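Take a look at the structure set out below.
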Amino acid sequence: MFDVLVYLYENYWRPDACPDHEQLTRKLSAVGFETDEIQEALSWLDGLTATAEMAQIRMPAQDSMRIYQPRELSLLGEDSIGFISFLESAGVLPAPMREMVIDRATAVGTGPLSLDDLKIIVLMVFWSLGEEPDALILDELFVAPEDRLIH
């Protein structure tokens, strides 16, 4: 599923640039993605759309503190929660977007979620809202820690 999401991010500027599900399924199949993987990704994206709409209705306060439920803790894992906290403290992940990330990360249903998968989810949340992440955040999302020049 995550490979399909990355493909969509790289090939479509915004979600509204994507063709309808039927045509998109054909295109993704033609590039070599498996039907199950495509359906899982499209279903996940439908959930992202619904989550984005809900986040605009129920925006948590900017200075709110997030208490993770036991299920969220087990599905996200320490690394993912730490990364979400890092993005929040850096001021690039406001509370509504944080909630979208948590919702879509827990929707994956297996845990703990790898940090690489969480980074794709964060990227897709920005993408779904038509926002370009800050250049430094893009670096955090794409550059492996061992490839950084400064440690």
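The values are calculated or read from the model by the stated rules, or taken from the named source; none is laboratory data. It should be emphasised that the depicted structure is a prediction, and the values quoted were computed from it without experimental measurement. Glycine also receives a Cβ, built like all others from the backbone with ideal geometry; neighbour counts cover every protein chain displayed. Areas reflect the complete protein model, heavy atoms only, side chains present, ligands, DNA and RNA absent. Shrake-Rupley method; radii C 1.70, N 1.55, O 1.52, S 1.80 Å.
When Glu78, Glu88, Glu132 are checked against the criterion of being open to solvent by 40 Å² or more (accessible area, probe 1.4 Å), under 24 Å from Trp13 (Cβ atoms) and out of contact with any Ser or Thr (no Cβ under 8 Å at 6 or more places or on another chain), a single residue qualifies: Glu132.
Here Glu34 meets each of (1) within 20 Å of Ser128 (Cα to Cα); (2) of a type in the set (D, E, K, R); (3) surrounded by 12 or more Cβ atoms within 10 Å (Cβ to Cβ) with one exception, condition (1).
Applying the selection to the stretch 1-40, what residues are closer than 16 Å to Val122 by Cβ and assigned to a helix (DSSP H, G or I)?
Passing the criteria: Phe2, Leu5, Val6, Leu8, Tyr9, Glu10, Pro15.
Considered as a group, the residues in the stretch 47-74 that are of a type in the set (Val, Ile, Thr) and modelled with pLDDT of 70 or more include one that is farthest from Ser128 (Cα to Cα), and that residue is Ile67.
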